[in-house]
Amino acid sequence: MVAITSVKESRERVVSSDIPEIDLQWKRDKARKLMVRACEEFGIFKVINHGVPKEIIENIEKEGKNFFSLPTSDKQKAGPPNPLGYGSKQIGYNGDMGDLEYLLFHTNPTSIYQRLRTTTKDAFKFSCVVNDYVDKVRKLACDLLEMLGEGLGLEDTKTFSKLVMDAESDSLVRLNYYPCCEGNSKEKLGIIKKKDDKGPRIGFGDHSDPQIITLLRSNEVEGLQIQSPWDSSVWIPVKSDASAFFINVGDALQAMTNGRLTSVRHRAIVNTQKTRMSTIFFASPSLQTLISPLPEMVTHEKPHKYRPYTWAEYKRIMYSLKLATNRLELFLSDYNDNTGLLRLV
């Protein structure tokens, strides 16, 4: 790791490092082994030669830009986010704020159209573009999950992918739009100061994703940072690559692998001069799915780390907490509930 740049009075540091890259044109055995290792060590990897057509990607980016360029009054017709729909600045229900606008949809085609139909004359076209994108990216997610299943030595290598392909899957797609902020042209990404001069300007705060895995791509503007797995005070900027997807482990996959794969903590930083738009697919199980460590992941030396929970239960807990909360700690098998949080369900 190199290029340590400064940052907060809390001694937070930004450190340059490369994210593991997986080429899906490699031999499958090589790709899946490196994929598992990346998920164990970083909780994230970059996928190239992923097979999602360039046209599909360009279409959703174009429609997203068109939407976010609409007058505020038109965009607000797709909101307020509850949690689905259009949102601006406010993230969730517990006071978290970010420097962004966003659209969040359930991947159900009807749900997407219903959210858009009053906002733009091209709502049907936009919803078709989103649906085409979801179809391709869902397939990629399932292919990657099956490779992870093979790499982990699961008896049923489709254990993860079947949850995502379930007709009642709770998968989501999100478009995040980060406007550029005013600043000195000499300022570099990762050290943009807030008004109080205590740290970077945050577009989307520190968090982990609750789902199984996340597939993210953005334009050529950088902003994504991951927390170092070895030092929580260190943040690693992820180099932008509009032709690639970045895949990160979510809380559910960490729980199902009994902690072997790591749910990566990450955040988005606002750029000084360029707007950034990212498109994210959250691969999720159905609400009634029971999440618990798989038998192959449990041994005498590594007993059950997490108690079983349904995806619906986890979501209810998630929405009651601040963005940065380590939610999985509340589901540890030996968790001592002195806070009453788990009694919310």
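Which one is farthest from Glu168 (Cα to Cα), of the residues in the range 307-337 that are part of a loop (DSSP other than H, G, I, E, B) and without any contact (Cβ under 8 Å) to a residue 60 or more places away in the chain?
Initially, the range 307-337 is screened for residues part of a loop (DSSP other than H, G, I, E, B), giving 307-308, 320-326, 333-337.
Now narrow it down to the ones that are without any contact (Cβ under 8 Å) to a residue 60 or more places away in the chain: 307-308, 325, 333-337.
On the way: Arg307: 23, Pro308: 20, Thr325: 27, Ser333: 28, Asp334: 31, Tyr335: 30, Asn336: 33, Asp337: 31 Å.
Taking the candidates together, the pick is Asn336.
Entry remark, the range 203-242: residues being farther than 11 Å from His266 by Cβ, charged (D, E, K, R) and not in a loop (DSSP other than H, G, I, E, B) number 1 in total. In the range 208-256, of all residues being aliphatic (A, V, I, L, M) and more than 16 Å from Phe45 (Cβ to Cβ), the one that is nearest to the chain's Cα centre (by Cα) corresponds to Ala252. For the range 25-46, the set of residues classified as over 18 Å from the mean Cα position of the chain (by Cα), part of a helix (DSSP H, G or I) and surrounded by fewer than 17 Cβ atoms within 10 Å (Cβ to Cβ) consists of Arg28, Asp29, Lys30, Lys33, Arg37, listed by residue number.
Matching residues to (1) of a type in the set (Phe, Trp, Tyr); (2) in contact with a helix residue (DSSP H, G or I) (Cβ under 7 Å, 6 or more places away or on another chain); (3) modelled with pLDDT of 95 or more:
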| residue | (1), (2), (3) |
| --- | --- |
| Ser10 | no, no, no |
| Val15 | no, no, no |
| Pro20 | no, yes, yes |
| Leu24 | no, yes, yes |
| Lys33 | no, yes, yes |
| Glu40 | no, no, yes |
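Can you confirm whether Lys186 is part of a loop (DSSP other than H, G, I, E, B), in contact with a Pro (Cβ under 8 Å, 6 or more places away or on another chain), charged (D, E, K, R) and at pLDDT below 95? No: the conditions fail for Lys186. Taken over the range 116-153, the criterion of being over 30 Å from Cys39 (Cα atoms) and hydrophobic (A, V, I, L, M, F, W, C) is satisfied by Leu116, Ala123, Phe124, Phe126, Cys128, Val129.
Count, please, the residues in the range 137-163 that happen to be within 16 Å of Thr107 (Cβ to Cβ) and touching a Leu at 6+ places or on another chain (Cβ under 7 Å). Adding up the residues that qualify gives 4. Filtering Asp156, Asp166 for residues that are surrounded by 14 or more Cβ atoms within 10 Å (Cβ to Cβ), among the acidic types (Asp, Glu) and modelled with pLDDT of 95 or more leaves a single hit, Asp166.
A quick yes/no check of all residues on (1) surrounded by fewer than 20 Cβ atoms within 10 Å (Cβ to Cβ); (2) over 24 Å from Ser218 (Cβ atoms); (3) among the charged types (D, E, K, R):
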site	(1), (2), (3)
Asp231	yes, yes, yes
Pro237	no, no, no
Ile269	no, no, no
Glu296	yes, yes, yes
His304	yes, yes, no
Arg307	yes, yes, yes
Ile317	yes, yes, no
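Within the range 248-303, how many residues turn out to be in a strand (DSSP E or B), among the charged types (D, E, K, R) and over 23 Å from Gln225 (Cβ atoms)? So the answer is 0. Only a single item in (1) surrounded by 14 or more Cβ atoms within 10 Å (Cβ to Cβ); (2) more than 17 Å from Asp132 (Cα to Cα); (3) touching a residue at least 12 places away in the same chain (Cβ under 8 Å); (4) touching a strand residue (DSSP E or B) at 6+ places or on another chain (Cβ under 8 Å) is not met by Asn49, and it is number (1). Gly259 passes all but one of (1) at positive phi; (2) under 19 Å from the mean Cα position of the chain (by Cα); (3) modelled with pLDDT under 95; which number fails? Of everything listed in (1) at positive phi; (2) under 19 Å from the mean Cα position of the chain (by Cα); (3) modelled with pLDDT under 95, Gly259 misses just condition (3).
Give the residues of the range 119-136 that are among the charged types (D, E, K, R) and surrounded by 15 or more Cβ atoms within 10 Å (Cβ to Cβ), sorted by residue number. Even if it seems obvious, please write down each step before you answer.
In the first step, residues of the range 119-136 are kept if they are among the charged types (D, E, K, R); the result is 121-122, 125, 132, 135-136.
Listed by number, the residues that qualify are Asp132, Lys136.
If the condition is being modelled with pLDDT of 95 or more and more than 22 Å from the chain's Cα centre (by Cα), then the range 273-295 contributes Leu294, Pro295. Under the condition of being in contact with a Phe, Trp or Tyr (Cβ under 9 Å, 6 or more places away or on another chain) and either hydrophobic (A, V, I, L, M, F, W, C) or assigned to a strand (DSSP E or B) (or both), the residues counted in the range 164-179 number 7. Pairs linking a residue in the range 52-75 that is over 15 Å from Arg115 (Cα atoms) and part of a helix (DSSP H, G or I) to a residue that is of a type in the set (D, E, K, R) and modelled with pLDDT of 95 or more, with Cβ atoms under 6 Å and 6 or more positions apart or on different chains, are Ile56/Asp132; Ile56/Lys136.
For the range 85-140, the tally of residues that are assigned to a helix (DSSP H, G or I), touching an Asp or Glu at 6+ places or on another chain (Cβ under 8 Å) and over 18 Å from Asp170 (Cα atoms) stands at 3. Only residues that are at pLDDT below 90, among the charged types (D, E, K, R) and under 23 Å from the mean Cα position of the chain (by Cα) were counted across the range 108-153, and they come to 1.
The values are calculated or read from the model by the stated rules, or taken from the named source; none is laboratory data. Just so it is clear, the structure is predicted and the values come from calculations on it, not from any experiment. Positions of Cβ are generated from backbone atoms using ideal geometry, with glycine treated the same way; all protein chains shown enter the neighbour counts.
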